[in-house]
Amino acid sequence: MSIEKTLNYYGIKSIWHFTDLSNLESIEENGVLSLRNIIKNKVDVSCYGADDLSHRLDRRYGLDKYVHLSFIKEHPMQYVKTRDGDIPNPIWLEIDASVLFNSDSVFSNQVANKTNTEIYNIEDLTKYMDLDVLWGRTDWKNPQIQQRRRAAKYGEIMIKDKINIRDIIGVSHG
C-alpha cells in the first residue's frame, strides 16, 4: 500500500516531534533541523531530545542527517528525558504528515540508532511497522496488544535535513 493510501486508511494527518519549549524560538526561525544541520549552522539548542551517546551513534550510522519523529504523540524517550529533568518544559510539535511524501523519508520500527536496527524506505511502512496498534482499533485491555504497542512506540520516522516551519501545524505542552 502506498504511503498516501496508508495515511488515508488510518486517518493519519500528523506525526510528532518532542522538544523543550526553550527551543521553540529557534525552531520558528530555522524549522526543525537534523543534528548535522544544527552543528553545520551553529544553531543554539538549549535542550536536546537525545543524549551525547545517542548523538554519537546517530553520527556513526549516518542518522544525524535526519530529523527524528514519532509516529504518535507518545514516545518512551520523551518520558525519560522529562522524568530525568533533561527537558524541563516538554512540548510536542505536530507535523503535517505530508512530509512523509519526501522520497528521502525513512523509518525504523525500533530505536533507529540501536545496533542492528534496519532502516526502511517510507513506502515499506505497512510491511515493517505494526500500524494497527498505533492507529487502528484494537483491544487495549489485551496484554499482547499492550506489549505490541509498547514496542511500536519506539519506532521512528526520519525526515532528511529539516522540517520547514510551514509543516508544523500545532504545538502542545506535555
(message) Restricting to DSSP H runs of at least four residues, report the calculated mean residue ellipticity at 222 nm for the chain, -39500 (n - 2.57) per run over all residues, nearest 500 deg cm²/dmol.
(response) -8500 deg cm²/dmol
(message) For region 1-59, I need the span (max minus min coordinate) of the C-alpha atoms along each principal axis, in Å, sorted largest to smallest.
(response) 39, 27, 18
(message) Give me the count of lysine pairs in region 16-119 whose alpha carbons sit under 22 angstrom apart, restricted to pairs 8 or more positions apart or on different chains.
(response) 7
(request) Set the Förster distance to 41 Å, then compute FRET efficiency between ARG137 and TYR61 from the Cβ-Cβ distance, nearest 0.05. (result) 0.70
(message) Once you place label points 7 Å from the Cα toward the Cβ at ILE119 and GLU29, how far apart are they in nm?
(response) 2.8 nm
(message) Per residue of region 62-74, what does 6.51 cos²θ - 1.76 cosθ + 1.60 with θ = phi - 60° give for ³J(HN,Hα)? Whole Hz please, x for Gly and Pro, Karplus curve as stated.
(response) x, 8, 6, 7, 10, 8, 8, 10, 9, 5, 10, 7, 5
(message) Under the rule of at least 5 residues apart or a separate chain, name every residue whose amide H is placed under 5 Å from the amide H of ILE87.
(response) THR82
(message) I need the fraction of alpha carbon pairs in the chain separated by more than 25 Å, rounded to a whole percent.
(response) 29 percent
(request) Amide H neighbours of TYR66 under 5 Å, at least 5 residues apart or on other chains, H built in the peptide plane: list them. (result) LEU35, ARG36, ASP161
(message) Report the gain in length on full extension from LYS13 to ASP161: 0.36 nm times residue separation, minus Cα-Cα distance, nm rounded to one decimal.
(response) 51.2 nm
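Every number in this text was worked out from the coordinates using simple rules, so none of it is lab data. Values in this document were obtained by computation on a predicted structure and should not be read as measured data. In this analysis, Cβ positions are derived from the backbone assuming ideal geometry, glycine residues included, and neighbour counts consider all displayed protein chains.
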